[in-house]
Amino acid sequence: MILSVEKYLELTSCLAAKILNNTYLDEILTEDENGDIRYTEEAQEQFNEHLDMVCAHLTAHGIHKENDQ
C-alpha cells in the first residue's frame with residue numbers, strides 16, 4: 001500500500017505520539033522562552049525512537065509513502 005507523503009507523516013506521527021503518551025511517565029511537554037510548546041528533550045528522543053519503530057513496522061507490512069519504496 002502506498003500512502004501520500006502527507007498521510008504517511010500524519011499516520012506515523014500520530015501513532016508515535018500515542019505510544020509516547022501511553023508509555024512515557026515523566027513530563028512530556030515544556031514551554032520555550034518564546035512561548036512555544038514542545039516535547040522535552042527526553043520525550044523528543046523517545047518520540048523519535050517510537051517513530052522509527054512505527055515506520056519499520058509499516059514497511060514490514062508493505063505500507064510505504066510515495067516515492068519511498
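The values are calculated or read from the model by the stated rules, or taken from the named source; none is laboratory data. Bear in mind the structure is a predicted one, so any value in this text is a computation, not a measurement. In case anyone asks, the SASA skips ligands and DNA or RNA and just uses the protein heavy atoms, side chains included. Shrake-Rupley method; radii C 1.70, N 1.55, O 1.52, S 1.80 Å.
What relative contact order, as a whole-number percentage, does the chain give when Cα pairs under 8 Å and 6 or more residues apart are counted?
Over the chain, the number comes to 49 percent.
With every protein chain kept in the model, how would you rank Met1, Met53 by accessible area, 1.4 Å probe, largest at the top? Write out the running numbers ahead of the final one.
Working: Met1 145, Met53 85 Å².
Putting Met1, Met53 in descending order of accessible area: Met1, Met53.
If each DSSP helix of 4+ residues adds -39,500 (n - 2.57) and the sum is divided by the residues in the chain, what number results at 222 nm, nearest 500 deg cm²/dmol? Please report the intermediate quantities before stating the final value.
Values: 2 runs with 39 residues, N = 69.
Calculated mean residue ellipticity at 222 nm is -19500 deg cm²/dmol.
Keeping the other protein chains in place, figure out the carbon and sulfur percent of the accessible area of the chain, with a 1.4 Å probe.
Details: 2600 of 5180 Å².
Taking all protein chains in place, the chain shows 50 percent carbon and sulfur surface.
Averaged per residue, what accessible surface does the chain expose to a 1.4 Å probe, in Å²?
75 Å²
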